[in-house]
Amino acid sequence: MSRSNDDIENLIALMAKLPGLGPRSARRTVLHLIRKRALLLTPLADTMTQVAVTARECLNCGNVGTSDICDICEDSRRENGELCVVEDVADLWAMERAGVFKGRYHVLGGTLSALDAIGPEELRIPRLVDRVAAEAVSEVILALNATIDGQTTAHYIADQLQGQVRLTSLAQGVPIGGELDYLDDGTITAALNARKEI
Amino acid sequence: MEWRDHGILLSVRRHGENGAIIDVFTQEHGRHAGLVRGGAGRRMAPVLQPGAQLDLIWRARLEEHLGAYQAEPLRSRAAAALSGRLALAGLNAVTALLAFSLPEREPHAALYTRSEQLLDLLEQEEIWPLAYLQWELALLEELGFGLDLSACAVTGSAEDLIYVSPKSGCAVSRNGAGEWANRLLPLPPVLRGEGDAGDEDILIALRTTGFFLETRLAKALGNHPVPEARGRLLDTLSRRL
């Protein structure tokens, strides 16, 4: 491509760094944006510029929003004493998509990992302990991933909050629509251990 | 280059969008890293949990390359580990210590066998702490920092051995200790494979082995701190008392 197309090449190179996109799909995306300049490209560029300026982490829970305190923390209707601890903002959004949890969240920003030198101070665990003491929290739901790192972190948090508040964690087992034949041994064992009466 | 081996998964690092670089303690090739394509994807992520027993095929163009693994699960230990606090702390301690202490691509077949047996006992909480203590002694031995607890380093007697010398790692008897007793480490009978294996004695024994992990092994590895996972295991054990 000629030098006059450097900007477009830059855009393609940046797009190719996004999750789910490679050089070829980035090229196709950019071409599509250019063809839909008024409908997509200009509004997208404007919105991205705006978000780049306003996006920040909530000072209270670690959610991503456009104000210092996010909408969930501001909403007094969600002050029901339940605090759901998640690993990442993506997990918070997944919980919100389900629409069943009506309390507030706390985003840790990762899990404990000796290998990557991530200790409690690197996560928002001290802030969580402060919140439990300061807010009227009656139950902390540890909605961490069912991985070794996730559950190690859950146990660590449980130790920190023991005796202060009711502690619960998400159940583990067969996913909705899951077929036993396709499940791994660990999931089947966890599901069997957590069986319930019908 | 290509080989096939069995291994214990020690750690997983995400690589790119779907890939993962895994660190595995293999039977014949020692601790060996490699790339698993799709290792962070939905199908493989539940399989690639630390502690998993894997059947591995490693391929690379040259020996010194990172190479790529084709990994098939033999046994998942995630469910066993997630079933209890001690099991989880134990699995973390074993995998973290192996990743911390073993040099890459150096076979340690005897330690591999002991590690596999230890991890298979994860769910048996009553015997696991003792098995872990014996494994830690074997780890020190394998890496050249073994303790000699057969006889007193001072008197040569095999009777009344109640101390370990922090300098030599040898047993010291009550008589042999003399005025140096307060500078020596405790040697509970369980450390010599004798007496009742109560949690309290095991904890004391683990503090003694911990001293050698910190002052000998970690020092030899560039003074890096011993993984926190071991400390968390000791905390979990002390909570059972």
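The values are calculated or read from the model by the stated rules, or taken from the named source; none is laboratory data. Fair warning: this is a prediction, and the values are worked out from it, not measured in the lab. Virtual Cβ from ideal backbone geometry, glycine too; neighbours counted across all protein chains shown. These area figures cover heavy atoms from the full protein model, side chains too; ligands, DNA and RNA do not enter into them. Shrake-Rupley method; radii C 1.70, N 1.55, O 1.52, S 1.80 Å.
Just one of the numbered conditions (1) touching a residue at least 24 places away in the same chain (Cβ under 8 Å); (2) within 13 Å of chain A (Cβ to nearest Cβ); (3) open to solvent by 80 Å² or more (accessible area, probe 1.4 Å) is not true of residue B:13: (1). Report yes if residue A:197 is under 22 Å from residue A:123 (Cα atoms) and either in contact with a Gly (Cβ under 7 Å, 6 or more places away or on another chain) or outside the structural domain of residue A:106 (by TED's automatic domain parsing) (or both), otherwise no. No; evaluated as a whole, the condition is false for this residue. Residue A:167: within 14 Å of chain B (Cβ to nearest Cβ), touching a residue at least 24 places away in the same chain (Cβ under 8 Å) and part of a loop (DSSP other than H, G, I, E, B), yes or no? Here the answer is no, as residue A:167 does not meet what is asked. If the condition is being of a type in the set (A, V, I, L, M) and free of Cβ contacts under 8 Å to residues at least 24 places away in the same chain, then region B:104-126 contributes only B:121. Candidates are the residues of region B:60-84 that are of a type in the set (Lys, Arg) and either assigned to a loop (DSSP other than H, G, I, E, B) or surrounded by 19 or more Cβ atoms within 10 Å (Cβ to Cβ) (or both); the one that is nearest to the other protein chains (Cβ to nearest Cβ) is B:77. Across region B:29-39, the qualifying residues are those that are within 14 Å of another protein chain (Cβ to nearest Cβ) and within 21 Å of the chain's Cα centre (by Cα), and the one among them that is most open to solvent (accessible area, probe 1.4 Å) is B:31. Within region A:182-198, the set of residues being among the charged types (D, E, K, R), open to solvent by 70 Å² or more (accessible area, probe 1.4 Å) and within 14 Å of chain B (Cβ to nearest Cβ) comprises A:185, A:195. The conditions of being in contact with a Ser or Thr (Cβ under 9 Å, 6 or more places away or on another chain), buried (at least 20 other Cβ atoms within 10 Å of the Cβ) and either within 12 Å of another protein chain (Cβ to nearest Cβ) or among the hydrophobic types (A, V, I, L, M, F, W, C) (or both) are not met by residue B:151. Within region A:114-125, is even one residue under 23 Å from the mean Cα position of the chain (by Cα), away from every other protein chain (no Cβ under 14 Å) and either in contact (Cβ under 8 Å) with a residue 60 or more places away in the chain or open to solvent by less than 30 Å² (accessible area, probe 1.4 Å) (or both)? Looking for residues that are under 23 Å from the mean Cα position of the chain (by Cα), away from every other protein chain (no Cβ under 14 Å) and either in contact (Cβ under 8 Å) with a residue 60 or more places away in the chain or open to solvent by less than 30 Å² (accessible area, probe 1.4 Å) (or both), one finds at least one in region A:114-125, hence yes.
One residue alone among B:26, B:113, B:95 is more than 14 Å from chain A (Cβ to nearest Cβ), of a type outside the set (A, V, I, L, M) and buried (at least 16 other Cβ atoms within 10 Å of the Cβ), and that residue is B:26. Please determine, by comparing only the residues of region B:222-234 that are open to solvent by 20 Å² or more (accessible area, probe 1.4 Å) and closer than 14 Å to residue B:205 by Cα, which one is nearest to the other protein chains (Cβ to nearest Cβ). This residue is B:231. Within region A:104-124, the residues that satisfy the criterion of being touching a strand residue (DSSP E or B) at 6+ places or on another chain (Cβ under 9 Å), modelled with pLDDT of 90 or more and more than 17 Å from residue A:168 (Cβ to Cβ) are A:107, A:109, A:110, A:111, A:124.
The listed residues are A:33, A:83, A:92, and the only one of them that is at pLDDT 95 or above, under 30 Å from residue A:155 (Cα atoms) and over 14 Å from the mean Cα position of the chain (by Cα) turns out to be A:83.
Against the conditions (1) in the same structural domain as residue A:148 (by TED's automatic domain parsing); (2) surrounded by 15 or more Cβ atoms within 10 Å (Cβ to Cβ); (3) on the phi < 0 side of the Ramachandran plot; (4) out of contact with any helix residue (DSSP H, G or I) (no Cβ under 8 Å at 6 or more places or on another chain), residue A:109 satisfies every one except (3).
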